[in-house]
Every structure is written in C-alpha cells, then in structure tokens.
Amino acid sequence: MTTALITGATAGIGAAFARRLAADGRDVVLVARDGKRLREQATELHDRHGIEAEVLVADLAEEDGIAAVEARLSDRKRPVDLLINNAGFGNKGRFLEVSMADELRMLKVHCEAVLRLTAAATASMRDRGRGGVVNVASVAAFVPRGTYGASKAWVVQFTQGVARDLAGSGVRLMALCPGFVRTEFHERAGMGTDNIPGWMWLDADKLVTTALADLARGRTLSVPDPRYKALMGVVKLAPRGLLGGLSSRAGRAYGPR
Ligand SMILES: NC(=O)c1ccc[n+]([C@@H]2O[C@H](COP(=O)([O-])OP(=O)(O)OC[C@H]3O[C@@H](n4cnc5c(N)ncnc54)[C@H](OP(=O)(O)O)[C@@H]3O)[C@@H](O)[C@H]2O)c1
C-alpha cells in the first residue's frame, strides 16, 4: 500500500485528489485547517475504499503548521510516496488594495510551505529511489496577475527546476496549472465569478484524472485541458500589456479604488 499526503484536502481540487487517490487504493494523509471537516472526510474515504485515512490539522500560513507537515513527510517509518502541494487561496483586490499581511500569508502558503514540504518529501523519496510531487500552480503563472500570479509562477519555475535536479533519482515532480475550476476558491476570496464564461470552468475530478495521467507520463508541467492548452498557445504570442488587462478582468474582483 502506498501513501499520498494532500494539503488543502478539505475542499475543491485537494478533496478531488483525495477521493481519486483513495479510490485507487492509496492510504491518504489529509492536511488542512478545518479538523472537523478533515475527520468527516477521512471517515468517508476509509468506509468507502477500505484505506487508512490520517488527519493532520495544520495551518500552512504558520510556522508550527509547516513544521508539523515537514515532520510527517520526514518520518521514514511511515513513508509518503506522493505529495500533493495543493493548499492555496486568493486575495480579493489589486495591489495596494490587499493588506501586506494577506500578501505575505499568500507567499507563506504558496511558496514557503511548497518549498519546505517539497524538500522534506523528496529527501526521503530520493533515498528510497521513488516518489512523486505535484505542486498545484495555475495558468495565472503565465500572465501578469499580482502576487497570486507571481507566487504561481514561482511554483512552476521551482518545480521544473527541482524536477531537473532530481532527474534519474526515481522522484518525479510536476507543476499542475489549472484554469478556472469550480471549487470554493472564488467564494472564499469574496470574488465574483459572473464575468467568467461557462466554457472556461473545469471540473475538479476530471482535472485530477488528467493530472495524474500527466504525472505518470513523466511530464513536469501539466495544463490539463485542451481549451487552456490552446489559450496558453495564444498567451505565448500575445503582448504582455494586453494579457495584463484581460487577466485582471477575468475573475479578479476589484476592491474599492
Ligand atoms: N479554483 C480555481 O479556479 C483554481 C485555478 C487554478 C489554481 N487553483 C489552485 O488550486 C489550489 C486549490 O484551490 P481550490 O480551488 O481547490 O480552492 P478551495 O476549494 O478554496 O480549497 C482550498 C483548500 O486549501 C486549504 N487551505 C487554505 N488555506 C490554508 C492554510 N493556510 N493552511 C492549510 N490549508 C489551507 C483549505 O482548507 P481549510 O480551509 O480547511 O484550511 C481547502 O482545503 C490552490 O493552490 C489554488 O491556487 C485554483
């Protein structure tokens, strides 16, 4: 039996990863802040699939939370074979409309936690000669989009760089870049979604299926939908100024100006 640790497992993309990996027969370690929700989910996955589902309550915006997950990933007696660094959130508003505390919290969860958990996981995976890490970024990594886009660009560059450094070790890393996915993300951030056309929305379960197939193929970057693959082709050719304007209008709610 192999074990997957998923951060941000209570909702959205993380919950979809947990469902899929448990259905595949993996034991899971579910990480997030909401202990009640995590325990309910663990019970459901255990009852439905007969796997072991462990709960680890941790706030990845806090030192203690990151350290607790690092410790779990470094526990060589209970090895983790697959790490899904998925926890994340959006901040409503443009630069200077978001408090510095919220900007820094985002960098802590999206960058520092991803760096430290990836290091903790891959150190023991490399010694065992196998393992995988999926770092959930976003297509926002490829367009000018404030701290959120910048943090996700870091995730892509970091993940592809480490994948190169660990090539041949048996450890695979992949940055996952979804477009808009129907989850709790936008509601939690208080962002309106009325201006996002229906065709742009992705389903979390389908996204996870494609992502895991891409990881199995050895991809280091996954943009898991033909619509967004085409869009990314356009993005590569479009002027940065135009991209910035479009990106700001699509799903980035404005605070007061
Ligand atoms: N939805 C989209 O359109 C979209 C598009 C591209 C990329 N993404 C990325 O996909 C990832 C998952 O987002 P989602 O759409 O699934 O959002 P979601 O439905 O809001 O779920 C976010 C998850 O992250 C957890 N989380 C948030 N802050 C945390 C913290 N400080 N410590 C630990 N866990 C924390 C939440 O659990 P608790 O509240 O219980 O802690 C929840 O389980 C994020 O990295 C996001 O940037 C989303």
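What list do you get for Ile13, Ile66 if you sort them by fewest beta carbons within 10 Å? Walk me through the numbers on the way to the answer.
Numbers: Ile13 26, Ile66 22.
By the 10 Å Cβ count, ascending: Ile66, Ile13.
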DSSP bridge pairs, the chain: antiparallel proportion in percent, nearest 5: 0 percent
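Averaging sequence separations of C-alpha pairs under 8 Å and six or more residues apart, then dividing by the length of the chain, give the relative contact order as a whole percent. If you can, show how the numbers build up before the last one.
On the way: 469 pairs, mean separation 48.0, N = 257.
Reported relative contact order: 19 percent.
For a footprinting-style exposure proxy, rank Met106, Met232, Met100 by other Cβ within 10 Å, fewest first.
Met100, Met232, Met106
Grab the chain and count how many Lys pairs have their alpha-carbon atoms under 24 Å apart, sequence gap of 8 or more, or different chains. Show your work: numbers first, answer last.
Working: Lys36/Lys108; Lys92/Lys108; Lys92/Lys152; Lys108/Lys152; Lys152/Lys206; Lys152/Lys229; Lys152/Lys236; Lys206/Lys229.
Close lysine pairs found across the chain: 8.
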Which value at 222 nm does the chain reach when only helices count, each DSSP H run of 4 or more adding -39,500 (n - 2.57), with the total divided by all residues and rounded to the nearest 500 deg cm²/dmol? -15000 deg cm²/dmol
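Calculate the dipole size of the chain relative to its Cα centre from +1 charges on Lys and Arg beta carbons and -1 charges on Asp and Glu beta carbons; express the result in debye to the nearest 20. Intermediate values should be presented prior to the final figure.
On the way: 36 positive and 28 negative charges, 172 e Å.
Around 820 debye, computed over the chain.
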Phi-derived 3J(HN,Hα) across segment 13-18 with the Karplus relation (6.51, -1.76, 1.60, θ = phi - 60°), rounded Hz, x for Gly and Pro, is 5, x, 5, 5, 4, 4
Quickly work out the Lys236-to-Arg126 label distance, labels modelled 7 Å from Cα along the C-beta direction, and quote it in nm with one decimal. 3.0 nm
Could you list, bin by bin from short to long, the percent of Cα-Cα pairs of the chain in 10 Å steps? 7, 31, 38, 19, 4, 0
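Once you order the gyration tensor axes a ≥ b ≥ c over the Cα atoms, which shape class does segment 1-92 get: rounded for a/c under 1.5, otherwise prolate or oblate by comparing a/b with b/c? Please list the in-between numbers first.
Numbers: a/c = 1.74, a/b = 1.22, b/c = 1.43.
The shape class here is oblate.
What does the charge add up to near Ala61, with Lys and Arg as +1, Asp and Glu as -1, over the other residues with Cβ less than 15 Å from its Cβ?
Taking every Cβ under 15 Å from that of Ala61, the sum is -4.
Coordinate-derived values only; no laboratory data. Being a predicted model, the structure only gives us computed values, none of them experimental. Glycine gets a Cβ as well: all are built from the backbone with ideal geometry, and neighbour counts include every protein chain shown.
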